[in-house]
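Right, one structure below, let's go through it.
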C-alpha cells in the first residue's frame, strides 16, 4: 500500500494561497496530502517553522510565494529565496534529506500549477518514504 | 534570620570553564559565601563525593547549578540525583542549556568519534586500536568500570526539569556576579526563564551602526575570519564577516567583538527564539544583498550545521531527533 505523505504548506496570502483557491474553483485534481497554512508573505516563514514541522514528523514542507517582482511587500520573496537556499544546505549538513523541503513560486493565476506542484511533490515523497524521524505510516498513526 | 542558602555545583559533561568563571569572581565570591553554604562542588572546590550527594535528603539543596551537557551514563545519573536533592536547578553555561561545543559530536557516529579520539589523531599512539570499554577485568579478578558513552548528547532540560537557564561559554564573570546578587536578593523571574539582561550582543556592541552613525546596507561580499583583517570600528556583519550578534544574548558585553572576532552565539538565543541556528539562517540571509551572496556564503562556510549550531546543536529539536535516530541507522 502506498502511503499518503503529510505535507505542511506555507502559502503567501497574495499569491500561492490565492492560487490554491483558484485550483479549487477550477476543480483541479490533486492529492489530499497538503495542509496549507496561510501567511502574510513567504518572507514571514521562519526557517524555525520548517525545522519544527520536520521535527514533529512532517514528511514534506512546501513554501509558496509570489514570483520575483510580484511580492506585495516588494522584497519579501527575495529574502525567502536567500533563506531557503541556506536552509536547504543546513538541512543537508544536519543529516536530513533536503528534498523533503521545497520552495515554489506560484501566482494567484496559476491554479493548475499549484495542483501540479502538489501532485509532483507527493509522488516524490512517496518514493522517499515517510519522514525517518517518526514511526508509523505517514498519517501520524 | 534566614539560614545560609545551600548551594551545589555539579560538573556534567563540560570542561569546568563555567566553574572557573565563578571562581573568577574572587573577592566578590568570598563576600557571597557569607550567604552561601557550599554543600557540593566536586571536584573544583569541595571534596564531597557522589555518594555523599546521594545520601542527602531530598530537596535539601536550595540552589543547584549544573555545567556541562549529558554525554555519558555518569552525567545522566548524577544530574538525576541532583534534581531529586534540589529545590531550584540552574542550567549554567552553553553546554548545560544548549549542548555546547561537544554536542557537535552528534553530527558524527560513535565510531567516527572513537576512531578520531583513540586511533587516528596525530598525538595518539595506539597500534592495537584499543578502545575504552565500560567494563574491564584487570588481572582476571579486578572488575573495573567507567561510565558508558551515550548514543547522543542531551541538554539538561531534555533529561530533567530545569528552573533557570544561564548562557555563555563560559558565562562572563561580571554577569555571574550580578547573577549571584540577584539570586541572593530573591529577585528572580518565573521558573523556566533564562537569567539574562535580555538584550542582544549588538545592543552592547560598540560597533553597532546605530551608535557609530553608519548606514546599514545589505552585505554583498561574504568573508570568513581568515579573509583579511576586519576594520576595528565597523560592524563585522557590514564588512561581510558573519556575526551572530543580532540573535545572541549580550550578557558577555560583546567580549569577542571587542577583540575583532565575530559572535558565534555562545550566549544563547535572545528571548522568543526556539531554534538558534534556524534563526541565524533567517537573520544572515535577510542581511545579504542578493543570491550571489547567499551562494558565496554556502560555498565559503563548508558545514552550515557546525557554523550556526556551534553552541546549540542539541537544543534544536530537529537535530536532537536526528541524533537519536542516527545510531540505530548506522
Inset, instruction - Tell me, yes or no, whether segment A:42-58 has at least one residue that is part of a strand (DSSP E or B) and more than 9 Å from chain B (Cβ to nearest Cβ). - result: no
Legend entry - Residue among A:11, A:28 that is crowded, with 20+ Cβ neighbours inside 10 Å and touching a residue at least 12 places away in the same chain (Cβ under 8 Å): A:11
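Residue-wise test of (1) surrounded by fewer than 21 Cβ atoms within 10 Å (Cβ to Cβ); (2) at pLDDT 95 or above; (3) part of a loop (DSSP other than H, G, I, E, B).
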| residue | (1), (2), (3) |
| --- | --- |
| A:2 | yes, no, yes |
| A:22 | yes, yes, no |
| A:38 | yes, yes, no |
| A:64 | no, yes, no |
Legend entry - Residues of segment B:64-97 satisfying the condition of being out of contact with any strand residue (DSSP E or B) (no Cβ under 8 Å at 6 or more places or on another chain) and surrounded by 24 or more Cβ atoms within 10 Å (Cβ to Cβ): B:94
Legend entry - Near pairs, Cβ below 8 angstrom, 6+ apart or cross-chain, from segment B:49-61 (surrounded by 11 or more Cβ atoms within 10 Å (Cβ to Cβ)) to any residue that is modelled with pLDDT under 90: B:49/B:42; B:50/B:42
Inset, instruction - Please determine, by comparing only the residues of segment B:308-330 that are crowded, with 23+ Cβ neighbours inside 10 Å and either modelled with pLDDT under 90 or in a helix (DSSP H, G or I) (or both), which one is farthest from the chain's Cα centre (by Cα). - result: B:322
Legend entry - Some residue of segment A:107-129 being away from every other protein chain (no Cβ under 14 Å), touching a residue at least 12 places away in the same chain (Cβ under 8 Å) and more than 26 Å from residue A:21 (Cα to Cα): yes
Legend entry - Tabulated pairs, segment B:303-321, first more than 8 Å from chain A (Cβ to nearest Cβ), second surrounded by fewer than 24 Cβ atoms within 10 Å (Cβ to Cβ) and part of a helix (DSSP H, G or I), C-beta under 6 angstrom, 6+ apart or interchain: B:313/B:104; B:314/B:320
Inset, instruction - For residue B:232, state whether it is away from chain A (no Cβ under 14 Å) and over 16 Å from the mean Cα position of the chain (by Cα). - result: yes
Inset, instruction - Filter segment B:261-302 down to residues that are at positive phi, surrounded by fewer than 21 Cβ atoms within 10 Å (Cβ to Cβ) and either touching a strand residue (DSSP E or B) at 6+ places or on another chain (Cβ under 9 Å) or facing chain A (nearest Cβ under 7 Å) (or both), then give me how many there are. - result: 0
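Every residue, every condition in (1) assigned by TED's automatic domain parsing to the domain that holds residue B:184; (2) without any contact (Cβ under 8 Å) to a residue 40 or more places away in the chain; (3) over 17 Å from residue B:177 (Cα atoms), yes or no:
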| position | (1), (2), (3) |
| --- | --- |
| B:11 | yes, no, yes |
| B:16 | yes, no, yes |
| B:21 | yes, no, no |
| B:27 | yes, yes, no |
| B:36 | yes, no, no |
| B:39 | yes, yes, yes |
Legend entry - Some residue of segment B:283-305 being in a helix (DSSP H, G or I) and either in the same structural domain as residue B:15 (by TED's automatic domain parsing) or within 18 Å of the chain's Cα centre (by Cα) (or both): yes
Inset, instruction - Check whether at least one residue in segment B:258-274 is assigned by TED's automatic domain parsing to the domain that holds residue B:315, more than 21 Å from residue B:311 (Cβ to Cβ) and touching a helix residue (DSSP H, G or I) at 6+ places or on another chain (Cβ under 7 Å), and report yes or no. - result: no
Inset, instruction - Look at residue B:25 and say whether it is in contact with a helix residue (DSSP H, G or I) (Cβ under 7 Å, 6 or more places away or on another chain), part of a strand (DSSP E or B), modelled with pLDDT under 95 and closer than 19 Å to residue B:168 by Cβ. - result: no
Legend entry - Residue in segment A:72-97 that is nearest to the other protein chains (Cβ to nearest Cβ), counting only those that are surrounded by 20 or more Cβ atoms within 10 Å (Cβ to Cβ) and outside any helix (DSSP H, G or I): A:94
Legend entry - Checklist (1) buried (at least 20 other Cβ atoms within 10 Å of the Cβ); (2) more than 28 Å from residue B:289 (Cβ to Cβ); (3) modelled with pLDDT under 95 applied to residue A:60, failing item: (3)
Inset, instruction - Only residues that are over 20 Å from residue B:18 (Cβ atoms) and in contact with a strand residue (DSSP E or B) (Cβ under 9 Å, 6 or more places away or on another chain): list them for segment B:98-117, please. - result: B:106, B:110, B:113, B:114
Inset, instruction - Only residues in segment B:170-198 that are without any contact (Cβ under 8 Å) to a residue 60 or more places away in the chain count as the first member; pair them with residues that are part of a helix (DSSP H, G or I), Cβ under 7 angstrom, at least 6 apart or cross-chain, and list the lot. - result: B:188/B:182
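The values are calculated or read from the model by the stated rules, or taken from the named source; none is laboratory data. Note that this is a predicted model, so its numbers are computed, not measured. Because the Cβ atoms are built from the backbone with ideal geometry, glycine has one as well, and the counts that use them run over all protein chains shown.
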